[in-house]
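Undergrad: Next up is a structure, given as structure tokens.
The values are calculated or read from the model by the stated rules, or taken from the named source; none is laboratory data. Since the model is a prediction, treat every value here as computed from it, not as a measurement. Using ideal geometry, Cβ is built from the backbone for each residue, glycine included, and neighbour counts are taken over all protein chains shown. In case anyone asks, the SASA skips ligands and DNA or RNA and just uses the protein heavy atoms, side chains included. Shrake-Rupley method; radii C 1.70, N 1.55, O 1.52, S 1.80 Å.
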2 protein chains.
Amino acid sequence: MVQQDARLDRIFSALADPTRRQVLVRLGAAPATISDLAEPFAISLTGMKKHVRVLEEAGLVVTEKVGRARQCRLGTERLDDAMAWITFYQRLWERRLDGLDAYFTLRKGTQQ
Amino acid sequence: MVQQDARLDRIFSALADPTRRQVLVRLGAAPATISDLAEPFAISLTGMKKHVRVLEEAGLVVTEKVGRARQCRLGTERLDDAMAWITFYQRLWERRLDGLDAYFTLRKGTQQ
């Protein structure tokens, strides 16, 4: 559960920034180097590297050294757990009284 | 767009903490005071107040002064935008997998 918590923390933190969300959108279209990613944002390479590292630590991006550049593409994290969590919250919101029931169903699902 | 970005930033940041996620679960069952919320976490009232303020700023919790206590309940934010964003990312991800699949099918074909 703690491990699961840490993973969700990293995913939600990574998503809590408009530049990082745009980077994911960009990488959804095609892989790109750090320079490619930095260019539309008028951001330094160092700044973009930091954003990419946060995404990488959350599993949302993978990077690979290709020649002198670092190629970035979408990672292996599917956001299923983040989605499950948000769905769960929405259910709470819709059926406040049945909330705990939905929670235990979610817990059961993620622990399988 | 910037306003929308800022809202998503606040929502994802608020969700990026296990205590805050548990508070939402707790409030999904029933409204609670700051003291009620702090108790299971062995956290100070000040610490819990800070967490509740972050959730409140994201629209996930609303609070109301009732006598000497502050009553907290689930807020009006439905997380629809956060959900839409995650759904969009998952589509990107699936499309990427389709791409990889097509790539390996192609490779397999040319190697025969």
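Undergrad: For residues in segment B:23-47 being among the aliphatic types (A, V, I, L, M) and more than 9 Å from chain A (Cβ to nearest Cβ), which is surrounded by the fewest Cβ atoms within 10 Å (Cβ to Cβ)?
TA: B:ALA42
Undergrad: Write out, first by first residue and then by second, each pair whose Cβ atoms fall under 9 Å of each other, whose residues are 6+ apart or on separate chains, and whose first residue, in segment A:33-62, is free of Cβ contacts under 8 Å to residues at least 12 places away in the same chain and of a type in the set (S, T, N, Q) while the second is in a helix (DSSP H, G or I) and open to solvent by less than 90 Å² (accessible area, probe 1.4 Å).
TA: A:SER44/A:ALA38
Undergrad: Continuing with this model, one more query. Going by the structure shown, is B:SER13 without any contact (Cβ under 8 Å) to a residue 60 or more places away in the chain and under 22 Å from A:ARG7 (Cα atoms)?
TA: On the way: without any contact (Cβ under 8 Å) to a residue 60 or more places away in the chain: yes; under 22 Å from A:ARG7 (Cα atoms): yes.
Yes.
Undergrad: Just checking, does segment B:2-22 include any residue being of a type in the set (Val, Ile, Thr), within 9 Å of chain A (Cβ to nearest Cβ) and either assigned to a strand (DSSP E or B) or open to solvent by 30 Å² or more (accessible area, probe 1.4 Å) (or both)?
TA: Checked against the condition, which is being of a type in the set (Val, Ile, Thr), within 9 Å of chain A (Cβ to nearest Cβ) and either assigned to a strand (DSSP E or B) or open to solvent by 30 Å² or more (accessible area, probe 1.4 Å) (or both), segment B:2-22 yields at least one hit.
Undergrad: Checking A:CYS72 against (1) surrounded by 19 or more Cβ atoms within 10 Å (Cβ to Cβ); (2) modelled with pLDDT of 90 or more; (3) not in a strand (DSSP E or B), which single condition isn't satisfied?
TA: (3)
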